[in-house]
Amino acid sequence: MRNGSKSESRNPKWRAAAAALLFVGLAAAPAFAADPPRLAGELDAKGLADAVARNHGKVVLVNFWATWCVPCREEYSDLIRLEKTYRDRGVAVLGVSIDFAKDLPKVEKFLAANHPEFPNYMKRSGGDDQDFIDSVDKKWGGELPFTVLYARDGTKARVLSGKQTYASFEKAVTELLR
Amino acid sequence: MKASRALLFLLLTAALASPALADGPAIGAPAPTFDLKTLDGKPFSLADASKSNKAVVLMFIATKCPVSNAYNDRMRDIANEYGKKGILFVGINSNNTEPESEVRSHATEHGFAFTIVKDPGNKVADLYNAQHTPEIFIVGPDGKLIYHGRIDENQQEPAKVASPDLKNALNEILAGQPVAKAETKAFGCSIKRV
């Protein structure tokens, strides 16, 4: 039995299953309660639409980022500050990591180091990447960082391509709060 | 007053001139020609290369972009396969953030046997309005653009590719057929122009 267990633990399928269970466990965890912050789960185009819809009535800012993207990392602290400042005024911030699935540990490490108080997801791997990109914005080509703002009624209101300043995030949000 | 009129004229001229450059070539239009040196120090002329090959595949690539890197093996394999059939592949690195020495070592590391040129000042990227890595342009023997877009739709899982757009285009070109899906949307990292 012991030998069998050892071989199972070395089996890539068992490892993949264990990783999947771990990921599901993380995904099921509350988005805010965990400390350090964890991923809220994976999402595809429908999952993104659902996540935005769950915040109906709020201005929703969705930021697409990746651990390898330097300007994404640079602007991330501004998003954390923005969310803290505006959460009680009707603003929800969602982060979506575009990192590949193999880089999940890097994503978790980044979140643990930065402590965002808003949910962060990973784009679901596989499938038609262009479907996802197009669902976010037809003019988007996957370049990062990329930010989409949705008005209180859930309609897409604005896109911000490239690195932003706190002031530009704030301006975009406050215009939609009026 | 005269100075401000001159400035206004210059601004208007720039505004009128810029859209043509910003748009990049359309499918069927002449592909902008350019001359650069390869990483081996040899001259490369698109005008000459297109005349002497069944097609020239221009691939805007990067060393640090994970999306472009996810396609390294696919670019190497497609270039090896179709290079034997008379198609010339040219990797173009337009990223100002990636020096030639890095481009060279990256090519060695990933077994790139195709021609690679460094594009100082993003001039070729600007001529084509290339925005992403990887981004593909195919130029025919008549110097016209035949295909523009992506390699395929699946970044992370090459074994599950359902729409091998670049290979489809090359197969159609080799069969003497028009490319059915001549334009797809390239996606990936932005070309680093600063």
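Restricted to segment B:53-77, and to residues there that are in contact (Cβ under 8 Å) with a residue 24 or more places away in the chain and more than 16 Å from the chain's Cα centre (by Cα), the residue that is farthest from residue B:148 (Cα to Cα) is B:64. Can you pull out every residue in segment A:125-141 that is touching a helix residue (DSSP H, G or I) at 6+ places or on another chain (Cβ under 7 Å) and over 20 Å from residue A:162 (Cα atoms)? Within segment A:125-141, A:125, A:126, A:131 qualify.
Checked against (1) within 17 Å of residue A:146 (Cα to Cα); (2) touching a Lys or Arg at 6+ places or on another chain (Cβ under 7 Å); (3) away from chain B (no Cβ under 14 Å), residue A:94 meets all criteria but (2).
Would you please list the contacts, defined by Cβ atoms under 6 Å and residues six or more apart or on different chains, that run from a residue in segment B:108-120 that is of a type in the set (Phe, Trp, Tyr) to a residue that is surrounded by fewer than 21 Cβ atoms within 10 Å (Cβ to Cβ)? Every condition considered, the pairs that remain are B:112/B:76. Would you mind stating whether residue A:55 is of a type outside the set (Asp, Glu), in a loop (DSSP other than H, G, I, E, B), modelled with pLDDT of 95 or more and touching a strand residue (DSSP E or B) at 6+ places or on another chain (Cβ under 8 Å)? So residue A:55 passes the test.
In this structure, is residue B:131 closer than 13 Å to residue B:74 by Cα, within 11 Å of chain A (Cβ to nearest Cβ) and touching a residue at least 60 places away in the same chain (Cβ under 8 Å)?
no
Does residue A:110 meet the test of being more than 14 Å from every other protein chain (Cβ to nearest Cβ), among the hydrophobic types (A, V, I, L, M, F, W, C), within 24 Å of residue B:69 (Cβ to Cβ) and out of contact with any Leu (no Cβ under 7 Å at 6 or more places or on another chain)? So residue A:110 fits the description; yes.
Does at least one position in segment A:113-125 carry a residue that is more than 11 Å from chain B (Cβ to nearest Cβ), part of a helix (DSSP H, G or I) and within 19 Å of residue A:45 (Cα to Cα)? Before the answer, list the steps.
To start, the set of residues in segment A:113-125 that are more than 11 Å from chain B (Cβ to nearest Cβ) comprises A:113-122.
Within this subset, residues satisfying the condition of being part of a helix (DSSP H, G or I) are A:113-114.
This time we only want the ones that are within 19 Å of residue A:45 (Cα to Cα), so: none.
The answer is no; no qualifying residue exists.
Scanning segment A:112-131 for residues that are touching a strand residue (DSSP E or B) at 6+ places or on another chain (Cβ under 6 Å) and of a type in the set (A, V, I, L, M, F, W, C) yields A:118, A:122.
Residues that are buried (at least 21 other Cβ atoms within 10 Å of the Cβ) and assigned to a loop (DSSP other than H, G, I, E, B) were ranked within segment A:144-178; the one that is nearest to the other protein chains (Cβ to nearest Cβ) is A:144.
Can we say residue A:85 is more than 14 Å from chain B (Cβ to nearest Cβ) and surrounded by fewer than 16 Cβ atoms within 10 Å (Cβ to Cβ)? Spelling it out, residue A:85 is indeed more than 14 Å from chain B (Cβ to nearest Cβ) and surrounded by fewer than 16 Cβ atoms within 10 Å (Cβ to Cβ). Meeting the requirement of 1 or more residues that are within 14 Å of chain A (Cβ to nearest Cβ) and closer than 19 Å to residue B:134 by Cα, the strands (runs of 3 or more DSSP E) wholly within segment B:21-72 are B:55-60.
Do you know which residues across segment A:128-143 are facing chain B (nearest Cβ under 7 Å) and either surrounded by fewer than 19 Cβ atoms within 10 Å (Cβ to Cβ) or in a strand (DSSP E or B) (or both)? Spell out how you get there, then give the answer.
First, the residues of segment A:128-143 that are facing chain B (nearest Cβ under 7 Å): A:128-130, A:133, A:141-143.
Within segment A:128-143, just A:128 meets the criteria.
Look at segment A:112-126: where a residue is closer than 16 Å to residue A:62 by Cβ and among the polar types (S, T, N, Q) and a partner is assigned to a helix (DSSP H, G or I) and at pLDDT 95 or above, sitting 6+ places away or on another chain with Cβ atoms under 8 Å, you get A:120/A:107; A:120/A:111.
Among the residues examined, residue B:150 qualifies as in contact with a Pro (Cβ under 8 Å, 6 or more places away or on another chain), within 14 Å of another protein chain (Cβ to nearest Cβ) and within 30 Å of residue A:67 (Cβ to Cβ).
The values are calculated or read from the model by the stated rules, or taken from the named source; none is laboratory data. Everything quoted here is computed from the prediction, not taken from an experiment. In this analysis, Cβ positions are derived from the backbone assuming ideal geometry, glycine residues included, and neighbour counts consider all displayed protein chains.
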